[in-house]
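Chemist: Here you go, one structure.
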Amino acid sequence: RCISNKLEPNVIKSKIPDINIPKISLDEFVWRNLDKWHDKTALVCAETGRSYLYSDVYKKSRALANFLYKFKGLKQGDTVAIVLPNVPEYPIVMLGAIKAGLKVTTVNPIYTSEEISRQFVDSDTKLIFTLTELWPNINNAIKNLAPKRDIPIVTIEHQENQTVPSGTIKFKEIVDGNNKLEFQRDTDFEDVILLPYSSGTTGFPKGVELTMKNIVSNLHQVNAREFRIHNETEGSHQDVVPTVLPIFHIFGMVTTALNLLSSGCKLVTVPRFGSKIFFNVLENHRPTIAFLVPPIVLMLLNNPNIQSRHIEQIRTIVSGAAPLGAADIERIHKKSNGKITLLQGYGLTETSPTTHQQSTFIENGVKLGGCGYNLPNTECKIILTDDVSDKKGLGPNQSGELLLRGPQVMKGYRNNSKATKDVLDSDGWFRTGDIAHYDEDGHFFITDRLKELIKVKGFQVAPAELEELLRNHPDIEDAAVVGIPHRDYGEVPKAFIVPKKDVMINFSKIQEYVAAKVANYKQLAGGIVVMGNIPKSASGKILRRQLKDIK
Ligand code: 4UV
């Protein structure tokens, strides 16, 4: 019953017809209906209450674009980095920089200065946007750069009356400048506009080159009538959306922020996630839809302060980035007295991100544990994992690696043609590194991960990064890191280490060493095991499956 291509059997097309994707810019897409809701609130900060109307976001992003266009040392296609938590200014920076013909790399604001430096160097960052309170960490990141160079910084004040570090540029002064566009600079549909980082199937985090076409296509795809979650603002109706997923991550950036801003919704930005602030958002802002990751869905379920009346006004929750258990989906229905429809979605940074989503508008569009149907203009196939040279698609209910093809698939990894070639073939098929199958209806189920990536609370952790760190420790000869299941976080990293000869390993010292170098969620919460040697294949690859089985 699945629609297959005659030439290529078992290539699964979308359940709905392909849509027309016009060659328009992100700017045109986001602002195309501004007149309808220019006087509505676009963004409000859950912590401080500061807010921006749609007309403010439009004008301030244009004032910023004027500034960036003229800024000495910045030319078309250069990279600017955003190192911000979810503050309402985030989309203003993103839209302003892209309008000015620049590329945006988004950095996790809780990264250590070492992690930040690495992304600045790899992405060749020319200008940084950050918060005044994050400045010391950013300054250290700049000091670590090799070869040494300076990078100008624009600072945003999150708390009032903070002292702005000398030598930095004040965001407020820029965005209060002239907001009539002073230049014309066209970005090609094939130009890279976003550069988020992902480790992909193996190795260190890499810059994922997403083009104007990728982003604009994905925004059109998720807005196909059968898949669209939100309503466009009309009259007094305005969907309210808690923006808790980090905007630096593709799910928060494209599926949440850009998507919902283009329809006039109200985004309640949560800069520091915690149960108390989330509770306040539910009570004070009464969200109507939400894009979440499984640990946050679990918080909705398990926090005793959050009662049915706090969540009943939510029509739809989309959960993605990691699997959500069937029992928890049923519990959400129950707790909301049947009012919430919980849909699972699936995507990757490399696919801008969404490729699959459940839908109540398509027959059998919601099945427990599934992630739904592929979006329009997206093709899928499942291939045998032990012979990837044979890319013939498998039939229904057969498990294998999921391959994707569509206009949302990235251009490639920045400066890394080898890694790009490993995942993207000349026919446009992208290897996800995920194990999946589809059923008789063509509904997809993600069942396992073939790639080495670990997902902690939906965040990416690249084992290669932790392994290098451990191998650089003076007491450690060799190391391997795998993900093990965790009740609240989905997975956590666990390390296996081989000590140097005659060394007694001090476990807490190793934990402290890792903790000082990487962000909190990458720490070795799964523990450390000492062993004689790391199991490896003949070609030297770590046999991760074997390690996962060691208790
Ligand atoms: O690159 P990334 O960090 O990207 C994401 C994106 C998640 C999205 C995006 C749009 C949606 O509409 C949505 O619902 C979710 O997380 O990590 C990609 C990897 O995360 C795992 C899988 O291993 C991907 O290769 N993953 C993502 N979604 C799911 C998932 C899911 N629903 N179930 C299981 N694993």
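Chemist: Kindly provide the set of residues from segment 534-543 that are at pLDDT below 95 and either open to solvent by 90 Å² or more (accessible area, probe 1.4 Å) or in contact with an Asp or Glu (Cβ under 6 Å, 6 or more places away or on another chain) (or both), ordered by number.
Modeler: Of everything in segment 534-543, those that are at pLDDT below 95 and either open to solvent by 90 Å² or more (accessible area, probe 1.4 Å) or in contact with an Asp or Glu (Cβ under 6 Å, 6 or more places away or on another chain) (or both) turn out to be 538, 539, 541.
Chemist: Still on this structure: For residues in segment 38-64 being part of a loop (DSSP other than H, G, I, E, B) and under 15 Å from residue 233 (Cβ atoms), which is most open to solvent (accessible area, probe 1.4 Å)? Spell out how you get there, then give the answer.
Modeler: The initial filter retains those residues of segment 38-64 that are part of a loop (DSSP other than H, G, I, E, B), namely 38-40, 46-50.
Narrowing the set further to residues that are under 15 Å from residue 233 (Cβ atoms) leaves 38-40.
On the way: 38: 84, 39: 101, 40: 49 Å².
Filtering first and then ranking leaves 39.
Chemist: Another one. Return the residue satisfying two criteria in turn: it lies in segment 232-257 and is in contact with a Lys or Arg (Cβ under 9 Å, 6 or more places away or on another chain) and open to solvent by 10 Å² or more (accessible area, probe 1.4 Å), and of such residues it is farthest from residue 342 (Cα to Cα). Give the steps one after another, and end with the answer.
Modeler: So the first thing to find is which residues in segment 232-257 are in contact with a Lys or Arg (Cβ under 9 Å, 6 or more places away or on another chain), and the list is 232-234, 238-241.
Cutting the leftovers down to open to solvent by 10 Å² or more (accessible area, probe 1.4 Å) gives us 232, 234, 238, 240.
Working: 232: 20, 234: 24, 238: 20, 240: 17 Å.
My answer is 234.
Chemist: A follow-up question, please. State which residue is farthest from the chain's Cα centre (by Cα) when the search covers only segment 454-480 and only residues that are more than 16 Å from the ligand (Cβ to nearest atom) and among the hydrophobic types (A, V, I, L, M, F, W, C). Please lay out each step first, then the result.
Modeler: Step one: filter segment 454-480 for residues more than 16 Å from the ligand (Cβ to nearest atom), giving 466-480.
Cutting the leftovers down to among the hydrophobic types (A, V, I, L, M, F, W, C) gives us 466, 469-470, 476, 479-480.
On the way: 466: 20, 469: 24, 470: 26, 476: 33, 479: 28, 480: 25 Å.
The selected residue is 476.
Chemist: Does segment 343-350 contain any residue that is in a loop (DSSP other than H, G, I, E, B) and either within 24 Å of the chain's Cα centre (by Cα) or not hydrophobic (A, V, I, L, M, F, W, C) (or both)?
Modeler: Taking segment 343-350 and keeping what is in a loop (DSSP other than H, G, I, E, B), we get 348.
Those left that are additionally either within 24 Å of the chain's Cα centre (by Cα) or not hydrophobic (A, V, I, L, M, F, W, C) (or both): 348.
The answer is yes; a qualifying residue exists.
Chemist: Restricting attention to segment 379-409, which residues are within 12 Å of the ligand (Cβ to nearest atom) and assigned to a loop (DSSP other than H, G, I, E, B)?
Modeler: Scanning segment 379-409 gives a single hit, 408.
Chemist: Only one of these is more than 12 Å from the ligand (Cβ to nearest atom) and either farther than 20 Å from residue 443 by Cα or within 19 Å of the chain's Cα centre (by Cα) (or both): 412, 365. Name it. Before the answer, list the steps.
Modeler: Working: 365 fails: either farther than 20 Å from residue 443 by Cα or within 19 Å of the chain's Cα centre (by Cα) (or both).
After applying the criteria, what remains is 412.
Chemist: Separate question: Taking the conditions exactly as written (open to solvent by 40 Å² or more (accessible area, probe 1.4 Å), modelled with pLDDT of 95 or more and closer than 24 Å to residue 287 by Cα), does residue 35 satisfy them or not?
Modeler: Details: open to solvent by 40 Å² or more (accessible area, probe 1.4 Å): yes; modelled with pLDDT of 95 or more: yes; closer than 24 Å to residue 287 by Cα: yes.
When the stated conditions are applied, residue 35 passes them.
Chemist: I'd like to check something: does segment 340-357 contain any residue that is more than 13 Å from the ligand (Cβ to nearest atom) and open to solvent by less than 10 Å² (accessible area, probe 1.4 Å)? Outline the logic, then answer.
Modeler: We begin by selecting, within segment 340-357, every residue more than 13 Å from the ligand (Cβ to nearest atom); these are 340-341.
Those still in the list that are open to solvent by less than 10 Å² (accessible area, probe 1.4 Å) too: 340.
Yes, that holds for at least one residue.
To keep it simple, each residue is scored yes or no on (1) surrounded by fewer than 22 Cβ atoms within 10 Å (Cβ to Cβ); (2) modelled with pLDDT under 95; (3) out of contact with any His (no Cβ under 9 Å at 6 or more places or on another chain).
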| site | (1), (2), (3) |
| --- | --- |
| 273 | yes, yes, yes |
| 284 | yes, no, yes |
| 292 | no, no, yes |
| 323 | yes, yes, yes |
| 360 | yes, no, yes |
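Chemist: Right, another one. Only one residue in 451, 494 is more than 16 Å from the ligand (Cβ to nearest atom) and touching a Gly at 6+ places or on another chain (Cβ under 6 Å). Which one? Explain how you work it out, then say what you get.
Modeler: Details: 451 fails: more than 16 Å from the ligand (Cβ to nearest atom).
The unique qualifying residue is 494.
Chemist: Being open to solvent by 30 Å² or more (accessible area, probe 1.4 Å), more than 18 Å from residue 317 (Cβ to Cβ) and out of contact with any helix residue (DSSP H, G or I) (no Cβ under 8 Å at 6 or more places or on another chain), is that true of even one residue in segment 258-271?
Modeler: As a first pass, look at segment 258-271 and keep what is open to solvent by 30 Å² or more (accessible area, probe 1.4 Å): 266.
After this cut, where a residue has to be more than 18 Å from residue 317 (Cβ to Cβ) as well, the list is none.
No, the conditions are met nowhere in segment 258-271.
Chemist: Then there is this: Tell me the residue from 416, 377, 364 that is in contact with a helix residue (DSSP H, G or I) (Cβ under 9 Å, 6 or more places away or on another chain) and not hydroxyl-bearing (Ser, Thr, Tyr), please. Give the derivation first.
Modeler: Numbers: 416 fails: in contact with a helix residue (DSSP H, G or I) (Cβ under 9 Å, 6 or more places away or on another chain); 364 fails: in contact with a helix residue (DSSP H, G or I) (Cβ under 9 Å, 6 or more places away or on another chain).
Of the residues listed, the single one that is in contact with a helix residue (DSSP H, G or I) (Cβ under 9 Å, 6 or more places away or on another chain) and not hydroxyl-bearing (Ser, Thr, Tyr) is 377.
Chemist: For residues in segment 202-231 being open to solvent by 10 Å² or more (accessible area, probe 1.4 Å) and among the polar types (S, T, N, Q), which is modelled with the lowest pLDDT?
Modeler: 202
Chemist: Kindly provide the set of residues from segment 362-387 that are open to solvent by 30 Å² or more (accessible area, probe 1.4 Å), free of Cβ contacts under 8 Å to residues at least 24 places away in the same chain and among the hydrophobic types (A, V, I, L, M, F, W, C), ordered by number.
Modeler: The one that is open to solvent by 30 Å² or more (accessible area, probe 1.4 Å), free of Cβ contacts under 8 Å to residues at least 24 places away in the same chain and among the hydrophobic types (A, V, I, L, M, F, W, C): 384.
The values are calculated or read from the model by the stated rules, or taken from the named source; none is laboratory data. Please read all numbers here as calculations on a predicted model, not as lab measurements. Methodologically, a virtual Cβ is constructed for each residue, glycine included, from the backbone with ideal geometry; neighbour enumeration extends over all protein chains shown. What goes into the accessible areas is simple: the full protein's heavy atoms, side chains included, and nothing from ligands, DNA or RNA. Shrake-Rupley method; radii C 1.70, N 1.55, O 1.52, S 1.80 Å.
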